[in-house]
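The values are calculated or read from the model by the stated rules, or taken from the named source; none is laboratory data. Given the structure is predicted, the values throughout are model-derived calculations rather than measurements. Glycine gets a Cβ as well: all are built from the backbone with ideal geometry, and neighbour counts include every protein chain shown. With ligands, DNA and RNA removed, areas are computed over all heavy atoms of the protein, side chains included. Shrake-Rupley method; radii C 1.70, N 1.55, O 1.52, S 1.80 Å.
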Amino acid sequence: MAEKKSIEERVKEMIVEQLGVNPEQVTPKAKFIEDLGADSLDTVELVMAFEEEFNVEVPDEEAEKLQTVGDVIRYIEEHVEEES
Amino acid sequence: MRRRVVVTGFGAVTPNGNDANSLWESVRNGRSGIDRVTAFDTAGYDCRIAGEVRGIDLSEAFRNPKEARRADRFSQLAMTAAKEAVRHSGLNTDREDPSRIGVIVGSGIGGLKTLEDQHTVLLQKGPKRTSPLMIPMMITNIASGMIAIEFGCQGPNFCVVTACATAAHCIGEAWRLIRDEEAEVIVAGGSEAAVVPLGLSGFANMRALSLRNDDPQKASRPFDKDRDGFVLSEGAGIVVLEELEHAKKRGAPILGEIIGYGLSADASHITAPDPNGRCAARAMTAALKRAGKNPDQIDYINAHATSTQQGDACEALAIRSVFGPYTKKVPVSATKSMTGHCLGAAGAVELILCLQALEEQLIPPTINLDNPDPACDLHHVPYEARESKLKVAMSNSFGFGGHNASLVVAKFE
């Protein structure tokens, strides 16, 4: 059985795919807008993709606080239902 | 003296090749770009053939994969052709006054694939899941916006949407704006990417498409007795129009001059052409008048002729009424026999073919013209390209909605 990817790995892959950036750029401290070149449409699209991938709901007021890659990883780790 | 408007660059992405040269090579040799649809499974579709663009390299047209992903296919094709056209013209937009460079690139339908995909998302996942990029990707004017962003063109920017006359109107309006001193350069043309399930089924159910599924390359047969509809194609055609003195000053290649543009409406039926062809004729007459040419000064007509029963016959009637006895002498060809019908891009693709014909002194043929329909009695150029002394050519475009546009282009002298 293939080893299950961590939340962090999956989040990073999705960011690389959607923003067309290099994997090395996607560090926990990287800011979506300033460092990864995202605009407001990208950030909405990314949050929707995270919601779907991890089956979590991110209210708009929470989404606004997710400025860095690390913010997202933390948020998802805190809110995702542990899969048994 | 009115300002003169010349063409200094062009680019094309079509089923016949991914640049303007390969389009010309294909068309001058009478080769069809039509084949079975590969983009999706057509089981259950009445029509299973189309002209698809194959293997475009988006990394040439877009700075990074994200920009390409955020563009519907019609914008991807438009950007690819625009890059070729601007490169061809040698225009360095960094050295120009950006406020004097415009973009007018239209599409008949716009981002149909995006609409289709997102509607599926809406039905399957609900309203919270449709993409924030859906609207900016599908709106028909977005190609004009994206091209302006890419080249920093801050002059006049819009798009005309007149179905299959879209590109002709975009080019005509660009010509008018440059003449009227609103801009020095305008990147103009059209793009279409409607070979998607909704497009193929929608046109087929209008009974507009050829159903010659077993013989795709014979399906588009304008003016032939056995024509049974047009072949849906995708593609883009873009020209760089420029004020003559501006072009000369920067030593630009001058590929031809737009000298006439005429418009009219059938005001007859939403999709069927006016059976007496009077209004299509009026667009041609207006273009001739603007060009200051008599009918017998036109050396070649690239017909709109899409391969529908009614459309081709009405255009032939209109041509006969404008050209009178000279109809017997003016060569007419329908290059859609090879490209299929690129809808909103067709007028630009065909104007480019006219420019290439003027340059090469060679008239591209109408293929599949086995039995010319007596109702389409014109001076045809069947199967083989014909050498001819060419100075002035006319390109016709007619769109659903009854929109007619005719452009007259001359070899630059």
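Would you calculate the separation in nanometres between label points at A:ASN55 and B:SER59, each defined as 7 Å from the Cα along the Cα-to-beta-carbon direction?
Label-label distance for A:ASN55 and B:SER59, simple model: 3.8 nm.
Give me the percent relative contact order of chain B, please, defined on Cα pairs under 8 angstrom at least 6 residues apart.
On the way: 1134 pairs, mean separation 97.1, N = 413.
After rounding, I find 24 percent.
Could you rank B:LEU211, B:LEU177 by how accessible they are, 1.4 Å probe, largest area first?
Working: B:LEU211 85, B:LEU177 35 Å².
Accessible-area ranking of B:LEU211, B:LEU177, largest first: B:LEU211, B:LEU177.
Accessible area per residue, 1.4 Å probe, Å², for the protein assembly as shown: what's the number? It would help to have the intermediate numbers written out before the result.
Details: 21100 Å² over 497 residues.
Dividing the accessible area of the protein assembly as shown by its residue count gives 42 Å².
Could you tell me what percent of the DSSP beta bridges with both partners in the protein assembly as shown are antiparallel, to the nearest 5? Working shown, then result.
Numbers: 42 of 61 bridges.
Taking every DSSP beta bridge with both residues in the protein assembly as shown, the antiparallel ones total about 70 percent.
Need one number: nm distance between label points at B:ASN294 and B:LEU123, each 7 Å from Cα along Cα→Cβ, rounded to one decimal.
Output for this residue pair reads 6.0 nm.
Lys/Arg Cβ at +1, Asp/Glu Cβ at -1, dipole of chain B taken about the Cα centre: which of B:LEU263, B:ALA281, B:SER388 is farthest positive-ward?
The listed residue farthest towards the positive side: B:LEU263.
Antiparallel DSSP bridges in the stretch B:5-249: what percent, to the nearest 5? Present the calculation step by step, with values, prior to reporting the outcome.
Values: 19 of 29 bridges.
Bridges in the stretch B:5-249 that DSSP calls antiparallel: roughly 65 percent.
Work out the P(r) tail for the stretch A:7-79: percent of alpha carbon pairs separated by more than 21 Å, whole number. Mind dumping the intermediate values first?
On the way: 309 of 2628 pairs.
Distances greater than 21 Å cover 12 percent of the Cα pairs.
By its C-alpha gyration tensor, with a ≥ b ≥ c as the square roots of the eigenvalues, how is the stretch B:1-114 shaped: rounded for a/c under 1.5, else prolate for a/b larger than b/c, else oblate?
Prolate, since a/c reaches 1.5 and a/b exceeds b/c.
So which lysines pass the test for B:LYS83, namely a Cα distance under 26 Å, with those fewer than 8 places away in the same chain ruled out?
B:LYS66, B:LYS113, B:LYS248, B:LYS249, B:LYS336, B:LYS411
Just B:LYS249, B:LYS289, B:LYS329 to compare: in a GNM of chain B, with alpha carbon springs under 10 Å, which one fluctuates most?
Ranking B:LYS249, B:LYS289, B:LYS329 by mean-square fluctuation puts B:LYS249 first.
Measure off 7 Å from each Cα along the Cα-to-Cβ vector at B:GLN310 and B:LYS248, then give the distance between these two points in nanometres to one decimal.
4.8 nm
Please get the size of the charge dipole for the stretch B:5-249, origin at its Cα centre, with Cβ charges of +1 on Lys and Arg and -1 on Asp and Glu, quoted in debye to the nearest 20. Walk me through the intermediate numbers first.
Values: 28 positive and 32 negative charges, 127 e Å.
The calculation lands at about 620 debye.
By the scheme Lys and Arg +1, Asp and Glu -1, what is the net charge of all other residues having a beta-carbon under 15 Å from that of B:ALA219?
Details: positive: B:ARG31, B:ARG36, B:ARG48, B:ARG207, B:ARG212, B:LYS218, B:ARG221, B:LYS225, B:ARG227, B:LYS336; negative: B:ASP35, B:ASP46, B:GLU52, B:ASP214, B:ASP215, B:ASP224, B:ASP226, B:ASP228, B:ASP312, B:ASP370.
Once all neighbours under 15 Å are counted, the net charge is 0.
With a 1.4 Å probe and all protein chains kept in place, how do B:MET1, A:MET14 rank by accessible area, largest first?
On the way: B:MET1 210, A:MET14 35 Å².
Reading off the accessible areas and sorting them downward yields B:MET1, A:MET14.
Just the number, please: percent antiparallel of the DSSP beta bridges in the stretch B:259-410, rounded to the nearest 5. Show your work: numbers first, answer last.
Working: 16 of 24 bridges.
Of those bridges, close to 65 percent are antiparallel.
Just name one of B:GLY11, B:ILE109, B:GLY33: the one whose Cα is farthest towards the positive end of the charge dipole of the stretch B:1-157 (beta-carbon charges, Lys/Arg +1, Asp/Glu -1).
Result: B:ILE109, furthest along the dipole toward the positive end.
Please compute, over every Cα-Cα pair in the stretch B:5-249, the percentage with a separation greater than 24 angstrom. All intermediate terms of the calculation are to be shown ahead of the outcome.
Working: 14293 of 29890 pairs.
In whole percent, the share of Cα-Cα pairs in the stretch B:5-249 beyond 24 Å is 48.
Would you work out which of B:LEU241, B:SER59, B:MET79 lies farthest towards the positive end of the dipole of the stretch B:5-249, given +1 charges on the beta-carbon of Lys and Arg and -1 on that of Asp and Glu, about the Cα centre?
B:SER59
In the P(r) worked out for the protein assembly as shown, what percent of Cα pairs fall beyond 28 Å? All intermediate terms of the calculation are to be shown ahead of the outcome.
On the way: 66332 of 123256 pairs.
Pairs farther apart than 28 Å: 54 percent.
Can you give the calculated 222 nm mean residue ellipticity of the protein assembly as shown, where each DSSP H run of n ≥ 4 adds -39,500 (n - 2.57) and the sum is split over every residue, rounded to the nearest 500 deg cm²/dmol? Don't skip to the answer; put the middle values down first.
On the way: 18 runs with 184 residues, N = 497.
Taking each H run of at least 4 residues, the total per residue is -11000 deg cm²/dmol.
Kirkwood Rh over alpha-carbon pairs of the stretch B:259-410, then Stokes-Einstein at 20 °C and 1.002 mPa s: what D in µm² s⁻¹, rounded to an integer? If you can, show how the numbers build up before the last one.
Working: Rh = 14.9 Å.
Once the numbers are plugged in, D ends up at 144 µm²/s.
In terms of the Cα gyration tensor, with a ≥ b ≥ c the square roots of its eigenvalues, is chain B rounded because a/c is under 1.5, prolate because a/b exceeds b/c, or oblate?
Numbers: a/c = 1.62, a/b = 1.06, b/c = 1.53.
Oblate is the answer for chain B, as a/c is 1.5 or above yet b/c matches or exceeds a/b.
Considering only the other residues whose Cβ falls under 11 Å of the Cβ of B:ALA313, what net charge follows from Lys and Arg at +1 and Asp and Glu at -1? Walk me through the numbers before you get to the answer.
Details: positive: B:LYS225, B:ARG227, B:ARG320; negative: B:ASP312, B:GLU315, B:ASP373, B:ASP377.
Once positives and negatives cancel, what remains is -1.
Below 19 Å, Cα to Cα, which aspartates and glutamates can B:LYS125 reach? Residues fewer than 8 away in the same chain don't count.
A:GLU45, A:GLU51, A:GLU52, A:GLU53, A:GLU57, A:ASP60, B:GLU116, B:ASP117
When Lys and Arg each count +1 and Asp and Glu each count -1, what net charge do the other residues less than 12 Å away from B:ALA165, Cβ to Cβ, add up to?
Numbers: positive: none; negative: B:GLU173, B:ASP266, B:GLU350.
Net local charge, B:ALA165 excluded: -3.
Taking the Cα centre of the protein assembly as shown as origin and charging only Cβ (+1 Lys, Arg; -1 Asp, Glu), how large is the dipole, in debye to the nearest 20?
Working: 53 positive and 73 negative charges, 568 e Å.
Using only the charged Cβ atoms, the result is roughly 2720 debye.
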